[in-house]
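All of the numbers you see were taken from the coordinates with simple rules; none came from a lab. None of the values given here were measured: they were computed from a predicted structure. No Cβ is skipped: glycine too gets one built from the backbone with ideal geometry, and neighbour counts run over all protein chains shown.
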Amino acid sequence: MLLPPMSIRFTSDDHSLMHGVADLILAVGQNSFIDKLTYLLRSAASFDDYVMLMYHPSSAPIVLDASFANSDESVWNRYIKGAYMLSPFYEFCMQGKSGFISLKEIAPEDFYTSAYYEDYFKPSRLVYLLSLGRTETLSSFNNRVMAKLKALSPILEAAVKLDDQQRHAERHPQPASHAELKQQLLNYGQDKLTAREQDVMQLLIRGYSSKEAAQVLSISPETERVHRKNIYAKLEVVSQKELLSQLFDDIFAAIAA
């Protein structure tokens, strides 16, 4: 039985993507890898801000490349110093997950109104893997672009891992400082807060709503809100933003001492 010949048509965008994939594979382990990776991503989606991070469970993130199109560098340095631990992207990675994901798919309900979002995420609408962003001058990523990025995800993930194995084997994590930072964050306020108030605070600083936090902790939203009020009073702050700022100031000072 003979089958009719198949006609496969590729658009100019498809050709650019295929050439980009081929160039990326050839660049694995080479100094040009990041440039080829950026070119491939731009073939799939336009963006005006990007950060390439390597997260590790026992060390601070390694910055491979960044554009800082619309970022306060002091805020970025604060993020790398320790604020990354509250990032939905960091938690996503630490759960062993990977791939392209939008912030809204993994962020808590109140994240977009949280002090953490205001300080560290508001300038860009980010897409995870290499943290592509569009500043307020561009519209957010649409479903078509997201679908294209998700389709490329297995190729990009494999290439990044292989390149890392070949070029960054000498990079060793610093488990002591990272572990200390993590412990400081988890224990913050323990001299003033009850154990339950500490639980509430950990969700509060990550942008969880009272309803979400109550569900996680199996308490009523009313009880959760009482805990929040007590947290502010005991730590002598009047807002989530002030709490977050005080928390990182105290933690960074304790680690530096």
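Just a few scattered comments:
- Neighbourhood net charge (12 Å Cβ-Cβ; Lys/Arg +1, Asp/Glu -1) for K192: -3
- Global geometry of the range 175-256, whether rounded, prolate or oblate, following the gyration tensor of its Cα atoms and the 1.5 cut on a/c: prolate
- Length-normalised contact order for the range 175-256 - Cα pairs under 8 Å, 6+ apart - percent: 33 percent
- Between E91 and N31, the FRET efficiency from the beta-carbon distance, with R0 = 30 Å, is close to 0.40.
- Neighbourhood net charge (11 Å Cβ-Cβ; Lys/Arg +1, Asp/Glu -1) for S114: -1
- If the chain linking H15 and S98 were pulled fully straight, counting 0.36 nm for each residue of separation and taking away their Cα-Cα distance, it would gain 27.3 nm.
- Modelled this way, with points 7 Å down the Cα-to-C-beta line, the labels at Q166 and E118 are 4.6 nm from one another.
- In this simple spin-label model, placing a label point 7 Å from the Cα along the Cα-to-Cβ direction at both D23 and I62 gives a separation of 2.5 nm.
- Neighbours of T223 by Cβ distance under 15 Å: Lys/Arg scored +1, Asp/Glu scored -1, total 0.
- Fully extended contour minus Cα-Cα distance, from A253 to N187, at 0.36 nm per residue: 22.3 nm
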